[in-house]
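First comes the structure, then the notes that go with it.
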Amino acid sequence: MQIHLSEAFKDYISAQGANSIVVSTSTPRGGFRGESTIDIQIGEPEEHLDEYSIFCAEGITFYVTQKIKIYSNISFDYNVSSGGEPFEMSGYEIIPS
């Protein structure tokens, strides 16, 4: 598997002094089953480490929930002007609950 990191993503993570990212899923409040979205946060998982797959790329450790299917190439980007979540990930599919 290859992990591609945009320059904006690398710059932001470096500016934060971070070296790990948690990729999890969340269901919006009042959401229905199967409406999960991806949630990307700086840091390490606080618990249940066994529920994550661990990958490393360019000095960053990625803790990726096993609730998503990862394709052969995934990419991360940082886009503060999107109006939504600043982190973007592509190359995955959320496994329905």
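So for region 73-80 (the condition being at pLDDT below 90, out of contact with any strand residue (DSSP E or B) (no Cβ under 6 Å at 6 or more places or on another chain) and in a strand (DSSP E or B)), does at least one residue qualify? No, because not a single residue in region 73-80 is at pLDDT below 90, out of contact with any strand residue (DSSP E or B) (no Cβ under 6 Å at 6 or more places or on another chain) and in a strand (DSSP E or B). If I filter region 46-97 down to residues being aromatic (F, W, Y) and within 17 Å of D11 (Cα to Cα), which single residue comes out as surrounded by the most Cβ atoms within 10 Å (Cβ to Cβ)? Of everything passing the filter in region 46-97, F76 is surrounded by the most Cβ atoms within 10 Å (Cβ to Cβ). Scanning region 39-73 for residues that are charged (D, E, K, R) and within 13 Å of the chain's Cα centre (by Cα) gives D39, E44, K67, K69.
Among residues of region 1-19 that are without any contact (Cβ under 8 Å) to a residue 40 or more places away in the chain and exposed (fewer than 14 other Cβ atoms within 10 Å of the Cβ), none has a beta-carbon under 7 Å from a residue that is among the β-branched types (V, I, T) and in a loop (DSSP other than H, G, I, E, B) at least six positions away or on a different chain. Specify the residue that is nearest to E35 (Cα to Cα); the eligible residues are those in region 81-97 that are of a type in the set (S, T, Y) and outside any strand (DSSP E or B). The selected residue is S97.
A single entry from G83, G31 fulfils the requirement of being on the phi > 0 side of the Ramachandran plot and either more than 12 Å from the chain's Cα centre (by Cα) or at pLDDT 95 or above (or both): G83. When T61 is tested against (1) in a strand (DSSP E or B); (2) touching a Phe, Trp or Tyr at 6+ places or on another chain (Cβ under 7 Å); (3) not charged (D, E, K, R), only condition (2) is not met.
Across region 86-97, the qualifying residues are those that are under 16 Å from Y52 (Cα atoms) and hydrophobic (A, V, I, L, M, F, W, C), and the one among them that is modelled with the highest pLDDT is I94.
The values are calculated or read from the model by the stated rules, or taken from the named source; none is laboratory data. The model shown is predicted, which means the values in this text are computed figures rather than measured ones. Using ideal geometry, Cβ is built from the backbone for each residue, glycine included, and neighbour counts are taken over all protein chains shown.
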